[in-house]
Amino acid sequence: MYRKTTLENGVRIISERVDFLRSVSLGLWVNTGSRDEDARKNGITHFIEHMIFKGTRNRTGPQIAKELDAIGGLSNGFTGKENTCFHARVLGKHFATLSDILGDIYLHSLFDAGDMELERQVILQEISMVEDTPDENIHELFSHMFWMDHPIGLPILGTGNTVSAIGQTDILNHMKQFRSPDKILVAAAGNVDHERLVRMFREMFESIEKGGPGPRAGVSPRSKGGVVAHYKDLEQVHICLGGEGPPLNSEKRFPCAILNTILGGNMSSRLFQEIREKRGLAYSVYSFVSSYMDTGVFGVYLATERQNVNPSLKTIQAEVKRILAGDISPADLEAAKEHLVGGIYLSSESADSRMMRIAKNELVFERYVSFEELADRLEKVTLDDVVEVTQEIFRDGRMSLTTLGPLKSDEVDAGCLEF
């Protein structure tokens with residue numbers, strides 16, 4: 001039940017009808033994110049995301065909120081490194097109203113100077129909240145160190161200085177340059193009729209003119225190895241350790257997903273069991289994968305007391321070396337596959353998950369990717385595939401370690417970065 005239509009100006013409209021769902025999830029995607037910014041205007045994409053709901057030439061901000069609430073709409077927006085999305089979910093009978101509201105805020109937002117000053121203070125508070133939340137801030141510090149001076153390492157929210165300097169003209173120019181129709185994707189999933197969806201957004205979006213080219217085609221990011229310690233008087237030391245992972249379109253993303261599951265992706269993972277359950281070294285420990293169009297990162301996070309930092313790092317090192325030596329049983333491999341395949345199919349019961357999924361597949365692969373195709377690709381992953389991707393990630397001299405807390409760089413056992 002997947003359909004795709006491309007308007008003459010390049011706007012793409014995709015939908016997936018799911019007959020057993022009564023709701024519909026609608027998202028307006030723009031293939032622009034924080035990596036399309038420079039250091040001077042860092043945070044402008046996220047600023048636009050906030051301002052888009054603050055009023056149009058047809059509706060005030062309170063009216064937008066009231067109309068969405070009146071139809072039971074669950075609306076939100078998010079800014080990523082490579083794209084931005086404004087989305088909402090309603091019952092199918094309210095789809096026309098929702099489409100009109102989202103189309104209006106995208107096309108006719110005023111970006112009023114007074115509203116900007118108020119929202120600027122909200123964003124500055126959001127930045128401060130992240131800085132005061134060590135388990136979030138450590139990921140920003142790690143990203144900045146890992147990607148060196150590349151825009152992909154810039155914080156999505158921006159900094160206090162950059163957000164304070166962004167003006168109305170900056171936002172309007174950014175919208176004009178980056179929000180051209182070939183970067184726009186309308187995605188819907190659930191109780192939706194494709195022809196109706198196309199009629200509604202053709203009328204609204206077909207007149208959008210092309211903007212200027214963005215800098216996305218620039219130099220791909222390269223990671224930096226080493227240790228950086230950010231000293232702060234905290235109860236714990238927060239740690240991010242990582243290396244380069246596969247990009248979004250790489251076949252190696254499948255063994256990487258299995259590696260993530262086995263190493264630190266759930267409660268039965270090796271790091272959770274060894275570091276938390278057996279040794280009591282940390283309350284929070286997990287591995288993670290962040291993939292982008294041309295690169296990626298595989299990392300491990302944990303928070304622990306100062307005296308437990310090196311023992312924790314040595315445990316991580318030992319578990320990675322076990323995998324490098326091929327110490328994964330057929331049962332381990334099968335359990336990881338079943339965990340991932342189960343998650344794929346469970347997400348199919350959510351209109352939001354389906355909408356997000358078809359949109360991301362269109363942005364990356366420009367096609368529909370079925371649940372069965374994903375499950376089949378995961379099932380074909382071998383032990384050798386997992387070992388190979390582990391070798392590529394955990395390369396000596398290319399691993400990065402960032403800490404935040406009462407610890408200095410020379411207190412870290414650098415030998416823990418050798419694999």
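Full extension of the chain segment joining Asp170 with Leu346 gains 59.1 nm, where the gain is 0.36 nm per residue of separation less the Cα-Cα distance. Each Lys and Arg Cβ is given +1 and each Asp and Glu Cβ -1; about its Cα centre, the chain then shows a dipole of about 620 debye. Straight-line reach from Lys183: which aspartates and glutamates have Cα under 16 Å away, leaving out those fewer than 8 places along the same chain? Excluding near neighbours in sequence, the set is Glu8, Asp36, Glu37, Glu49, Glu82, Glu206, Glu209, Glu362, Glu366.
Please work out which option in [x] 61, 47, 38; [y] 71, 43, 42; [z] 66, 56, 36 gives Cα extents along the principal axes in Å calculated from these coordinates, and answer with its label. The calculated read-out lines up with [x].
For segment 361-408 and segment 279-301, write down the distance between their C-alpha centroids in whole Å. So the two Cα centres are separated by 10 Å. For segment 33-73, the residues whose amide N sits under 16 Å from a probe point set 7 Å from the Cα of Asp100 along the beta carbon direction are 56-60, 63-73.
Restricting attention to segment 314-419, lysine pairs at least eight places apart or on different chains and with alpha-carbon atoms under 30 angstrom apart total 8. Modelled label positions at Glu305 and Arg377, each set 7 Å beyond Cα in the direction of Cβ, lie 4.5 nm from each other. Apply 1/(1 + (r/R0)^6) to the Cβ-Cβ distance of Lys4 and Glu251, taking R0 = 25 Å, and write down the FRET efficiency to the nearest 0.05. That gives a FRET efficiency of 0.55. For segment 264-351, what % of the accessible area comes from carbon and sulfur atoms, probe 1.4 Å? Carbon plus sulfur share of accessible area: 51 percent.
By how many degrees, 0 to 90 and rounded to 10, does the Cα axis of helix 330-346 deviate from the longest principal axis of the chain? Between helix and principal axis, roughly 20 degrees.
The accessible surface of segment 366-409, taken with every protein chain in place and a 1.4 Å probe, is 47 percent carbon and sulfur.
Measuring between their Cα centroids, segment 70-110 and segment 162-213 lie 12 Å from each other. Shown in residue order for segment 269-283 are the 3J(HN,Hα) couplings computed by the Karplus curve 6.51 cos²θ - 1.76 cosθ + 1.60 at θ = phi - 60°: 5, 5, 5, 4, 5, 6, 7, 8, 6, 8, 10, x, 7, 8, 7 Hz (x for Gly and Pro). A Förster distance of 45 Å, applied to the separation of the beta-carbon atoms of Val219 and Asp327, puts the FRET efficiency at 0.75. Each label was represented as a point 7 Å from its Cα along the Cα-to-Cβ direction; for Tyr368 and Glu334 these points are 3.3 nm apart. For the chain, the longest principal axis of the alpha carbon atoms and the long axis of helix 95-108 meet at an angle near 90°. Between helix 61-70 and the chain there is an angle of about 90 degrees, using the helix long axis and the longest principal axis of the Cα atoms. Packing here is the average count of other Cβ atoms within 10 Å per residue, and on that basis the peptides 236-244, 33-41, highest first, run 236-244, 33-41. Surface analysis of the chain yields an accessible area of 44 Å² per residue, using protein heavy atoms and a 1.4 Å probe.
The values are calculated or read from the model by the stated rules, or taken from the named source; none is laboratory data. Since this is a predicted model, take the numbers as computed values, not measurements. Don't worry about glycine lacking a Cβ; one is built from the backbone with ideal geometry, like all the others, and counts go over all protein chains shown. Side chains are part of the model used for accessible areas, which takes the heavy atoms of the whole protein and leaves out ligands, DNA and RNA. Shrake-Rupley method; radii C 1.70, N 1.55, O 1.52, S 1.80 Å.
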